[in-house]
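The values are calculated or read from the model by the stated rules, or taken from the named source; none is laboratory data. Computed from a predicted structure; not experimentally measured. When the accessible area is computed, the model is the full protein with side chains, heavy atoms only, and any ligands, DNA or RNA have been set aside. Shrake-Rupley method; radii C 1.70, N 1.55, O 1.52, S 1.80 Å.
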Amino acid sequence: MSSRLQTRRFVVLTLAAVLMVALTFSLGQWQLRRAAQKEALQAAIDAQNRLPAMDGRALLATKNIADVMHRRAVLQGTWQAAHTVYLDNRPMDGKSGFWVVTPLALADSGQWILVQRGWVPRDFGDRTRLPAVVTPEGLVNVPGRMAPPPSKLYAFEGADQGRIRQNLDVAAFSAEIGVPLLPASLLQTGAASEGLLRDWSAPNTGVDKHYGYAFQWFGLCALVAGLYVWFQLILPRRGKRHSQHS
C-alpha cells in the first residue's frame, strides 16, 4: 500500500473515530442531563407528598393545577355514579381489568373532578359485563393524591364511548356530560373497599433508565476510542518494530 493511500486511510479512520467518540460522549452527557431533570422532578413529587393534605376549597383556589400535582388531598363531595366509566386493559398487580373512574361533584361548588377510584377485574366470560362496584350516596370524603388525568392507551375509533372505554379525555368527557371538569384527577388511596383495589404504583420518573442509557453511550465511546488506539496506533508500531528486528 502506497504511503499516500496509507495516509488518506489513517486520516479517514481518525476523523470517523473522532466523530463517533464525540457523538457517543455527547449522547451520554445528554442522558445524564435528562437524569438530573428527572431527579429534580422526583424531588418535587416527594416535596408535594410531604405537604399537608389539601381540601376542595384550597384546590379550587389554586390558579395553576400543575402546582398541586401529586399532593395529597381529601375532597368532599357527592359521587356522580351515572357517569362512571370503566377504563379497559388496565392492569394492577399483574392482572388485567378496569380502572373505575367516577366524577365527584365538589361540595359547595359547581365544579366536578374525575376520581380514579380503583381497580376491578373483568369478566372474561362476558366482556361486556360490568363488575359490581359500590358507590355511596350523599356527601363523602375521598382521600387521595392529585394526579394527571388517566393515562391514554392506543384505541380504535369508537373505543372511547360508552361505559367501557379505552381512554377518557377530560375536555371531551366534560362536553359529553355538560359539566365543567378540572383538568386533573384525584387518585383515590386507602385500603380496598367498595369492591375496588387501590394498589397504585408510586410515581416513577424513570431516572434509572437514563443512567443505564448514559452507561451504554459512554461504554460505546470508550470502546471506539480503545479500538482506534489499538488498531491505528499500537499495532502499527508493533509491526514496525517487528519488521526492524527481523
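Results, tabulated for the structure shown:
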quantity	calculated
Segment 42-176 - convex hull of alpha carbons, volume per residue in Å³	135 Å³
Probe 1.4 Å, protein heavy atoms only - accessible area per residue of segment 70-146 in square angstrom	45 Å²
Highest-MSF residue in the chain out of ASP46, ASP123, ASP199 [GNM, Cα springs under 10 Å]	ASP123
Mean projected area in nm² (Cα convex hull; one quarter of hull surface) for the chain	22.2 nm²
With every protein chain in place, the chain: carbon and sulfur % of accessible area (1.4 Å)	59 percent
Residues whose placed amide H lies under 5 Å from that of VAL115, excluding near-sequence neighbours	THR102, LEU104, LEU186
In Hz, Karplus ³J(HN,Hα) per residue of segment 89-100 (6.51, -1.76, 1.60; θ = phi - 60°; x = Gly, Pro)	6, 10, x, 8, 6, x, 10, 8, x, 10, 8, 9
Histogram of C-alpha separations across segment 137-230, 10 Å bin width, %	11, 25, 27, 14, 11, 8, 3, 0
Helix 207-228 axis, angle to the chain major axis (alpha carbon atoms, nearest 10°)	10 degrees
Segment 160-178 versus segment 89-127: alpha-carbon centroid distance in Å	13 Å
Most fluctuating residue given options PRO236, PRO103, PRO136, as computed from a GNM of the chain linking Cα atoms under 10 Å	PRO236
Helix axis angle, 3-50 relative to the chain longest principal axis, alpha carbon, degrees	20 degrees
